Amino acid sequence: MTLDFIQKSALSCGFNLCGSASCREKTEHKKFLQNYLDNSYNAGLGYLERNFEKRLDPRLLIPGAKSIIVCAVSHNNMAWKEQKNSNYKIASYALAKDYHISIKKMLNELLTILKSENPEIKARVFVDTAPILEKAWAVEAGLGWIGKNSLLITPEFGSFINLGEIVLDIELEEYSEPYINSHCGNCTRCIDNCPNSAIRAPKIVDARRCISRLTVERNVGDCEADYPTHDWLFGCDMCQCVCPFNEKAKTYTNIEFAPVIEPTKLSTQYIESMNNDDFIEIFKDTPMNQKR
Ligand code: B12
Ligand code: SF4
Ligand code: SF4
């Protein structure tokens, strides 16, 4: 199974980018993860404290793991531009159907294709919730670099993407070249424009101050005294809106990632005119419906 075959198959399943890497311990991330936890930047998100060693090494999470395929898909619907003047902003990813469900389905389709080439493969698919350093693996799989906002930035699709992985029990014929450059240079726009100064240093986000954490995660224990959520209703895209690499980024191509409502409609007036039933009807398939 060549890398080219895997990448083409991933695109046929609706992904925009795909790469592969050999599983190993991410030793270079250890002190940063430890420092993050020591400073309580995880804001009481207990799952980030658990599985410390497994998070650094997928072979401890999935015994027998040899390789990892990392896929990315764009959800860039330009909501971040359309909502600039709205008093009720919703993060771009949250306007599309829940990516956990869409990506898992796409990864399973990809795995079926890979198994048709090699029926012996044993593998597991992951999206977001497992103790895997998804962005770090995306860098190793050649997809892009980690920006000062701590997010993966890809040259073609910017940072408005979501990630998913397949971890396999076989070595692959070839692996992607890791992405070694960072193109942030002297830019500090994300740091300067974060409404709560949550980016304490390049690549280090204090989740206690992060609006995404404050609006998405229900349990808001251990958040520094009452940081405001500004105009954000759900999630926050501010450190991506200002990033020059999103200015020229391509928009979503996979219809599964189309917004459930046109971002142009999301005016202050429109949102204020919605009742509870309207809200549930429109957003029931999105990550905002946390009852699913
Ligand atoms: C926990 C989490 C959150 C938390 C905490 C975020 C944080 N930065 O701490 C909260 C709820 C706040 C959050 C918010 C968001 N998230 Co989030 N989140 C995660 C999750 C589940 C784990 C991330 C993690 O490991 N955090 C632990 C800390 C320690 O890791 P870290 O912040 O990346 O820190 C690393 C760097 O600091 C690095 N480092 C720092 N300096 C240096 C220097 C060197 C030399 C090296 C080698 C490393 C290094 O070391 C640390 C360990 O790797 C991942 C999914 C996953 N399993 O990976 C999604 C994920 C990162 N989130 C995602 C998204 C989309 C978001 C939001 C944009 C959503 C939104 N619009 O509201 C925001 C963005 C906030 C931000 N600027 O980071 C996407 C990212 C897509 C992308 N382009 O990168 C992911 C990958 C989910 C997915 N599958 O698509 N998130
Ligand atoms: S998501 Fe918002 S609050 Fe969190 S670091 Fe980015 S700009 Fe700051
Ligand atoms: S805004 Fe500037 S510093 Fe921040 S991630 Fe984008 S290029 Fe890097």
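Summary table
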quantity: Helix 99-117 axis, angle to the chain major axis (alpha carbon atoms, nearest 10°); calculated: 10
quantity: Distant-in-sequence amide H partners of T154 (H built 1.01 Å from N, under 5 Å); calculated: S159
quantity: Reach of K265 by Cα under 13 Å, taken over aspartates and glutamates that are not fewer than 8 positions away in the same chain; calculated: E82
quantity: Whichever lysines have a C-alpha closer than 21 Å to that of K250, once near sequence neighbours (fewer than 8 apart) are set aside; calculated: K8, K81, K84, K97, K135, K148
quantity: Length released on extending from E177 to D285, taking residue separation times 0.36 nm less the Cα-Cα span; calculated: 35.2 nm
quantity: Degrees, to the nearest 10: 27-38 long Cα axis against longest axis of the chain; calculated: 30
quantity: Debye, to nearest 20: dipole size of the chain, +1 on Lys, Arg Cβ, -1 on Asp, Glu Cβ; calculated: 300
quantity: Principal-axis tilt of helix 3-12 within the chain, Cα atoms, nearest 10 degrees; calculated: 40
quantity: Cα convex hull volume per residue for the stretch 1-122 (Å³); calculated: 156
quantity: Listed residue pairs exceeding 18 Å between alpha carbons, taken from K26/K105; K26/K115; K66/K115; K203/K248; calculated: K26/K105; K26/K115; K203/K248
quantity: Per residue, the convex hull volume that the Cα atoms of the chain enclose (Å³); calculated: 129
quantity: Ellipsoid equivalent to the stretch 93-214 - semi-axes via the Cα gyration tensor, in Å; calculated: 31, 18, 12
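The numbers here are math on the coordinates, done by the rules we state, and not lab data. Worth saying up front: this structure is predicted, and the values here are computed from it rather than measured. No Cβ is skipped: glycine too gets one built from the backbone with ideal geometry, and neighbour counts run over all protein chains shown.
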